[in-house]
Amino acid sequence: MTGAFAAILLLLSAAPAAMPEEVTVRVLGRHHPQLLRLSRPGESHVASVEGGRLLLDGRPVEGTRVFPASLWRLSVRGAPPREYQGSVSLAVDRDELAIGVRMAIEDHVASVVAAETEGGTPMEALKALAVVARSYAASARGRHADADLCDLAHCQVLGTEAPGAHRASARAAARATRGEVLRLPDGAIAAAPFHAACGGHTADPREVFGGEGTGAAAVPDPTCPAAPWRTTVPARLFARVASRELAAAGSSREVPVASELRFQRGQGGVVVRVTDGEASVGGEAFTRALDRALGHGKVRSARFGISGGGEDLLLSGSGIGHGVGLCQAGSIRRAGAGEGYERILRHYFPGARLAAPSPIAGRLLAEPTAPPSAPLSRTSSR
């Protein structure tokens, strides 16, 4: 083997994961659609499910029907009409329509940024979110059996109802960062998460999610407001949720009162484990289960304490969301104070590098070792 050929093989083996040009998103699933109207200029169809079969314009269709890339308008019961640029696929999932849209990843990024922010958000904060959203989308290929992503908070909210001016700002943020992603030291694209407000300190992804791969770390974030919240939880409901979650983890005990549980806290004060001495569950999973039982939006984060007794418990907490990665509230304040998106990302993702559109170039997000006056240097993606 020649030295030149060996060098080429080494380069190829060290090449970072490629950036996808498109992603497939399962859309409108939260509405459990059984009837869909889809149209584009000069073409209109009605799709439905009857007896577990897909009907298109009243005629049965076997398997999956795919419509070519275009600007499609989709309407289902319970949701305003939405427009998507891409190809649309229709299939049956049990007794519902499975609607997929294959779209350019940059269109997806712009739509996520528009849906996950509000008008007036500083451009540098929009850029930071664009990089994070693109990284997550590129790293989460095939998260669902029939799609890379869904349009819910489970993946990334994908909406088309934002005001026109805000949509334009989101598109500008996506264009300004086109192709840029967060990469880990091994070249893999980081599964970079974000949340609404950390409450003053972000959480450790290993403690919350139980693994690596995000590039994030637990860091103080004094720019984020405390975002305090309080909610009352019936003691019986709390015990029921705790017993169910711990039983699924292998416990044989009933949990009559919250005082019999132990709450392990991680960095930043987030509850990372809940145990009854026999089994344990993750703090984030427990928090979500309790919030679902209350009807959503009541237990806003896993950073909480419990007081009270008798028939009701009082949960007092701070922050909104899981607390890992980009804190949107902190990012907005940092951008408002003049920080650029690169510096914002460096704060929340010290274990990643900002990779330029070229797959073999990147800007390290860790603090540079050069003198403070020196700019961040271009480095190889490894």
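The values are calculated or read from the model by the stated rules, or taken from the named source; none is laboratory data. Computed from a predicted model, the values in this text were never measured in an experiment. Ideal geometry is used to build each Cβ from the backbone, glycine not excepted, and the neighbour counts take in all protein chains shown. For accessibility, only protein heavy atoms count, side chains too; no ligands or nucleic acids. Shrake-Rupley method; radii C 1.70, N 1.55, O 1.52, S 1.80 Å.
Using a probe radius of 1.4 Å on heavy atoms only, what accessible surface per residue do you get for the chain? Whole Å² is fine.
Computed with neighbouring chains in place, this is 47 Å² per residue.
Could you work out what % of the accessible surface of the chain is carbon and sulfur, using a 1.4 angstrom probe and leaving DNA, RNA and ligands out of the count?
Roughly 53 percent of what the probe reaches on the chain is carbon or sulfur.
With a sphere of radius 15 Å drawn around the Cβ of Gly277, what net charge do the other residues whose Cβ falls strictly inside it have (Lys, Arg +1; Asp, Glu -1)? Kindly include the intermediate steps, with their values, before the conclusion.
On the way: positive: Arg253, Arg262, Arg273; negative: Glu245, Glu254, Glu260, Asp276, Glu278.
Once all neighbours under 15 Å are counted, the net charge is -2.
Jot down the per residue volume, in cubic angstrom and as a whole number, of the convex hull over the alpha-carbon atoms of region 216-368.
140 Å³
Please give the charge dipole size of the chain, origin at the Cα centre, charges +1 on K and R Cβ atoms and -1 on D and E Cβ atoms. Round to the nearest 20 debye.
420 debye
So what are the ³J(HN,Hα) numbers for region 170-177, from phi and the Karplus equation (6.51, -1.76, 1.60; θ = phi - 60°), rounded to whole Hz, Gly and Pro as x?
For region 170-177, the Karplus-derived couplings read 5, 5, 5, 5, 5, 5, 5, 10 Hz, x marking Gly and Pro.
Which FRET efficiency, nearest 0.05, do Asp57 and Ser252 yield, Cβ-Cβ r, R0 45 Å? Could the numbers behind the result be given before it?
Details: r = 55 Å, r/R0 = 1.22.
Once the sixth-power term is evaluated, E becomes 0.25.
How large is the Kirkwood hydrodynamic radius of the chain, in angstrom, based on all distinct alpha carbon pairs?
Details: mean 1/r = 0.0438 Å⁻¹.
Here the Kirkwood hydrodynamic radius works out to 22.8 Å.
As I understand it, the dipole of the chain uses +1 on the Cβ of Lys and Arg and -1 on the Cβ of Asp and Glu, about the Cα centre. Which of Cys155, Cys327, Ala145 lies farthest toward its positive end?
Going by the Cα projections, it comes out as Cys327.
Which number do you get for Rg(Cα) / (2.2 N^0.38 Å) in region 54-149?
Computed over Cα atoms of region 54-149, the ratio equals 1.27.
Can you give me the long-range amide H partners of Arg265? Hydrogens built in the peptide plane at 1.01 Å from N, cutoff under 5 Å, separation of 5 or more residues or another chain.
It is Val272, by chain and number.
Picking from Glu339, Glu43, Glu245, which is most flexible by a Gaussian network model of the chain using Cα springs under 10 Å?
The residue that fluctuates most here is Glu43.
Report the Rg/Rh value for region 194-238, based on alpha-carbon coordinates and the Kirkwood definition of Rh.
We get a ratio of 1.11 for region 194-238.
Any idea what % of Cα-Cα pairs in region 170-289 are farther than 17 Å?
I get 67 percent for the Cα pairs in region 170-289 exceeding 17 Å.
What does the charge add up to near Cys327, with Lys and Arg as +1, Asp and Glu as -1, over the other residues with Cβ less than 12 Å from its Cβ? List each step's numbers first, then the result.
Values: positive: Arg333, Arg334; negative: Asp221.
Computed value for this residue: +1.
Pairs of alpha-carbon atoms within less than 8 angstrom and 6+ residues apart define the contacts here; what relative contact order does the chain have, in percent?
Averaging sequence separation for qualifying contacts and normalising by length gives 16 percent for the chain.
For the chain, what is the calculated [θ] at 222 nm in deg cm²/dmol (nearest 500), taking -39500 (n - 2.57) for each run of four or more DSSP H residues and dividing by its residue count?
The helix contribution divided over the chain gives -8000 deg cm²/dmol.
Run through all the Cα pairs of region 220-271 and give the fraction in each 10 Å bin from 0, expressed as whole percent.
19, 39, 27, 14, 1
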